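Here's the structure we're looking at; comments come further down.
The values are calculated or read from the model by the stated rules, or taken from the named source; none is laboratory data. In this text the structure is predicted, and so the values were computed from the model without any measurement. Here the Cβ is made from the backbone with ideal geometry for all residues, glycine too, and neighbour counts use every protein chain on show.
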Amino acid sequence: MDHVSASRYRCDGCGNLTRFDVTISQQTKAFHHYSVGGDLVVEDEEVLARNVDAVVCRWCGHGRSVVAITGEELEEPGEGFQEHGEGFQEHGESSKVS
């Protein structure tokens, strides 16, 4: 079976990178194999469609500041930032998640 979500998230409100409630709707197709005794074994499950409905930060309790982060932003701490003038600017782009 596929992973639930390939995306990584960050809360820009509090900095959380590890704790999120992710609500996903998906449509699947599977082979249901019942034994003679009536026990069900689900085999060959295939995800036909998947939609991330909401991502909520466990620390803040809302999803207003949660963004999906790219692979470039998953670099080691300090490696993903570049000195820019008097401050620092992060590499990569983020996309807003509801």
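In region 62-78, which residues are surrounded by 10 or more Cβ atoms within 10 Å (Cβ to Cβ) and either more than 20 Å from A6 (Cα to Cα) or modelled with pLDDT of 60 or more (or both)?
H62, G63, R64, S65, V66, V67, A68, I69, T70, E72, E73, L74 - these are the residues of region 62-78 that are surrounded by 10 or more Cβ atoms within 10 Å (Cβ to Cβ) and either more than 20 Å from A6 (Cα to Cα) or modelled with pLDDT of 60 or more (or both).
Among the polar types (S, T, N, Q), at pLDDT 55 or above and in contact with a Gly (Cβ under 6 Å, 6 or more places away or on another chain) - does that describe any residue in region 24-36?
So far as region 24-36 goes, no, none of its residues is among the polar types (S, T, N, Q), at pLDDT 55 or above and in contact with a Gly (Cβ under 6 Å, 6 or more places away or on another chain).
Among the residues of region 3-12, which ones are of a type in the set (S, T, Y) and not in a strand (DSSP E or B)?
Answer for region 3-12, where residues must be of a type in the set (S, T, Y) and not in a strand (DSSP E or B): S5, S7.
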